[in-house]
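Structure, as structure tokens:
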Amino acid sequence: MNKLRTKKNLAGDDNNNIFWTTMSDLMLGLSIIFMTLFILAMTGFTQENLRQQKQQIEIAKQLAEKLRAEKIHAEVDNLSGSVKISDVELFEVGSYQLSPKGKTFLNKFTPIYLNTLFENEAIILNIENIIVQGHTDSQTFKDVKTPNEQFSKNMFLSLQRAYTVQDYMMMHTKYDRKYDTTLRKIMVVEGKSFSEPILDINGKEDFSKSRRVELKLKVKGSNLAKLFGLKFGRD
């Protein structure tokens, strides 16, 4: 009897081992499939990012060359194509109204900037937003009593300056008006107060450089759903 029971138990153990072996193979197979998809996805992201970066570098190069040729003083980031414009070029001290010099600057700058972007269809199709971003320094306003009040006053000034630049660019300058429909979809205005100061070589805030308006390009990103043609939720 003991021998029979032992044989039955061994047979049961073999059945269990077959089951677990099958499950292990299934999990291994799923892991391989997942890793393959993951590698493909990451490879796709890398190639897409490299392509977009190459396009942005080319746009930055074109912008810098054209602005330099017209003797327009603006700092162009060689990698992202972001443009920094000093407040000295645009506004009187503490004001968000464009100075005569500021209007002259934007009259020359805007057609070069927008036409350069829109002439490259591959670039403009991948731009999610053109962000007009205002920045201030952290120097204290007169009669301000708390740090939060100081921040809020600078937030208002930075936002108003960004809006003033966007408004003048779209309402008063002479770029190709066939771009208006797209611009209305992608142009965004932001205020940053003094949250992103520019520092000097000693790590201290450079007040004159911190006061600026930036034009940034936000490029559309890839994602797994887009890569594999998947859709989630409502369109």
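The values are calculated or read from the model by the stated rules, or taken from the named source; none is laboratory data. Small disclaimer: the values here were computed from a predicted structure and weren't measured. Neighbour counts are summed over all protein chains in view; Cβ atoms, including those assigned to glycine, are modelled from backbone coordinates with ideal geometry.
State which residue pairs qualify: first residue within 15 Å of Asn115 (Cβ to Cβ) and inside segment 53-66, second residue part of a helix (DSSP H, G or I) and polar (S, T, N, Q) in any location, beta carbons under 6 Å apart, and separation of 6 or more residues or different chains.
What qualifies is Gln62/Thr116; Leu63/Thr116.
Just the residues that are in a helix (DSSP H, G or I), exposed (fewer than 14 other Cβ atoms within 10 Å of the Cβ) and without any contact (Cβ under 8 Å) to a residue 60 or more places away in the chain, please, taken from segment 106-148.
Glu119, Glu121, Leu125, Pro147, Asn148
On the basis of being in the same structural domain as Ile85 (by TED's automatic domain parsing), hydrophobic (A, V, I, L, M, F, W, C), in a loop (DSSP other than H, G, I, E, B) and more than 20 Å from Leu106 (Cα to Cα), does Phe194 make the cut?
yes
Can you name every residue in segment 59-81 that is among the small types (Gly, Ala, Ser) and modelled with pLDDT of 90 or more?
The answer is Ala64, Ala69, Ala74.
I want to confirm something. Restricting to segment 57-90 and keeping residues that are closer than 16 Å to Thr110 by Cβ and of a type in the set (Asp, Glu), which single residue is surrounded by the fewest Cβ atoms within 10 Å (Cβ to Cβ)?
Step by step, filter segment 57-90, then rank; the result is Glu70.
Any chance segment 159-177 includes a residue that's in the same structural domain as Asn126 (by TED's automatic domain parsing), over 22 Å from Leu125 (Cβ atoms) and of a type in the set (Phe, Trp, Tyr)?
Pass one, segment 159-177, residues in the same structural domain as Asn126 (by TED's automatic domain parsing): 159-177.
In the following step, the residues that additionally are over 22 Å from Leu125 (Cβ atoms) were identified as 159-165, 167-168, 171-174.
Next, from what is left, pick out any that are of a type in the set (Phe, Trp, Tyr): 163, 168.
Yes: segment 159-177 contains one or more residues that are in the same structural domain as Asn126 (by TED's automatic domain parsing), over 22 Å from Leu125 (Cβ atoms) and of a type in the set (Phe, Trp, Tyr).
Looking at (1) surrounded by fewer than 17 Cβ atoms within 10 Å (Cβ to Cβ); (2) at positive phi, find the lone condition where Val93 falls short.
Checking Val93 against (1) surrounded by fewer than 17 Cβ atoms within 10 Å (Cβ to Cβ); (2) at positive phi, the one that fails is (2).
Which residue is farthest from Gly94 (Cα to Cα), if the candidates are limited to segment 173-194 and must be free of Cβ contacts under 8 Å to residues at least 60 places away in the same chain and polar (S, T, N, Q)?
The selected residue is Thr181.
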